[in-house]
1. Could you check, for region 266-283, whether at least one of its residues is among the basic types (Lys, Arg) and either assigned to a helix (DSSP H, G or I) or touching a Pro at 6+ places or on another chain (Cβ under 7 Å) (or both)?
2. Looking at region 40-68, which of its residues are open to solvent by 60 Å² or more (accessible area, probe 1.4 Å), of a type outside the set (A, V, I, L, M, F, W, C) and under 18 Å from the mean Cα position of the chain (by Cα)?
3. Could you pull out the residue among Leu108, Leu102 that is of a type in the set (A, V, I, L, M) and surrounded by 24 or more Cβ atoms within 10 Å (Cβ to Cβ)?
4. Can you name the number of the only condition in (1) part of a helix (DSSP H, G or I); (2) at positive phi that Ala250 fails?
5. So which residues in region 325-348 are open to solvent by 20 Å² or more (accessible area, probe 1.4 Å) and not small (Gly, Ala, Ser)?
6. Being in contact with a Lys or Arg (Cβ under 7 Å, 6 or more places away or on another chain), surrounded by fewer than 21 Cβ atoms within 10 Å (Cβ to Cβ) and within 30 Å of Val203 (Cα to Cα) is true for just one of Leu322, Leu277. Which residue is that?
7. What pairs can you find where one residue is in region 69-82 and free of Cβ contacts under 8 Å to residues at least 60 places away in the same chain and surrounded by fewer than 23 Cβ atoms within 10 Å (Cβ to Cβ), the other is assigned to a helix (DSSP H, G or I) and not hydrophobic (A, V, I, L, M, F, W, C), and their Cβ atoms are less than 8 Å apart, with a gap of 6+ or different chains?
8. Please find, within region 355-394, the residue that is modelled with the lowest pLDDT out of those that are within 30 Å of Val203 (Cα to Cα) and open to solvent by less than 50 Å² (accessible area, probe 1.4 Å).
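The values are calculated or read from the model by the stated rules, or taken from the named source; none is laboratory data. Given the structure is predicted, the values throughout are model-derived calculations rather than measurements. Neighbour counts are summed over all protein chains in view; Cβ atoms, including those assigned to glycine, are modelled from backbone coordinates with ideal geometry. Ligands, DNA and RNA are excluded from the accessible area calculation, which covers all protein heavy atoms including side chains. Shrake-Rupley method; radii C 1.70, N 1.55, O 1.52, S 1.80 Å.
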Amino acid sequence: MPFHSPTIRAVAALSVTQIIGWGATFWLPAVIGPAVAGELNLALPMVMAGPTVMLVVMAMVSWPMSIIFERHGTRPVMVVGSVLGGAGLLAMSVADGMASYLLSWTILGLAGAGMLTTPAQIAVTEIAGGKARQALGVLVLAGGLTSTIVWPLTGLLQARWGWRTTTLIYAVLMLLVCMPLHWATLARRAAEKATATTTAEPVLIDRPRFALLAMSFAANGFFTWGFALTIIILFETAGLDHASALTAAAFIGIAQWAGRMVDLVGSRRWSGFVPGLAASALFPLSFIVLLLTDTFVGAMLFATLYGVANGVTAVTRATLPLEVFPAGAYARASARLAVPLNLSFAVAPPVFAALMTSAGPHSVLWLAFAISIFAFCALLSLLLLHRRMIPSHTVSG
């Protein structure tokens, strides 16, 4: 793609830092969790609650962070976020019990608010200008490789040196790879531009459109992250053997990548609403497939529909705010959208696990079906409202 070299450097650097950042935080307990539980004498669910703490903290600080991003840009914030990421992982590497372990995740939550996903997407818009949508698509596409790259690496490091040293190695990567990349490749804001941004009247965000977008994103985020840690169990309780369940679950990742690629290829041809609405419609269809069949073929069809929808939605979450809100409000709107999104990410896995255990797999599918219909209706309502308001430049605060 014909991006200017600063954009290429920034997207490449952010792709690396996002893979390290998410792989060394949220996805880390999937590999080291049992070892941490055994050494710290904690129940495994308590260890797995660490990422939930991280996401809740990210949600709590995202709203006030929005003003900082808008006034000072992402570069200084992401540099500080990298330092906090290293500090949180260092704290985890020396944890000796529940309190110190959860404290490390609290620090990582502050780090995540400063360097993961939302700041990275804002950083891309700062430097890419009119090419922001394509650049965001590339960044989201690269992020889909996180677990594929980091889980095997984490497993090798843990087998060789143990979970504490593995965590310490990731802390060093935060400080020696992520921090310098953020410092060297992200846009520098001139002092006069920062002053003008601070003193100028902020671009207002239309509340009805913000609410509809937040509801749609949070609803989709709830069931996609709810299934992230329970989908294999869902397949098995529906009647598939373990090997078939693993195969169908693994295929979701391939379909997600295909979905991300479809949106990236077509980003110049259509509005962001087109793939967003198509993906929202595929979600309930995928759940109907799994409700009506318990065969391997049905599971694979579900994996295809659900994975493509999930992949497209991941790109839409990054790019649609560019279309809905004024350019000057993108940073603030994205940071504030992260509040309901991160909260939905945080509560979904335990809710889905508890419901599946107490009421069975069909109850989870019906819940996901109902929420997916709600998400589609919210996004469709947003499109209709947005089309009516396009001619008008009057917005409410």
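1. No, region 266-283 has no match at all.
2. none
3. Leu108
4. Ala250 satisfies every listed condition except (2).
5. Passing the criteria: Pro326, Arg336, Val339, Pro340, Leu341, Leu343, Val347.
6. Answer to the selection: Leu322.
7. Val77/Gly114; Val77/Pro119; Val80/Gly114
8. Ranking the candidates gives Met389 first.
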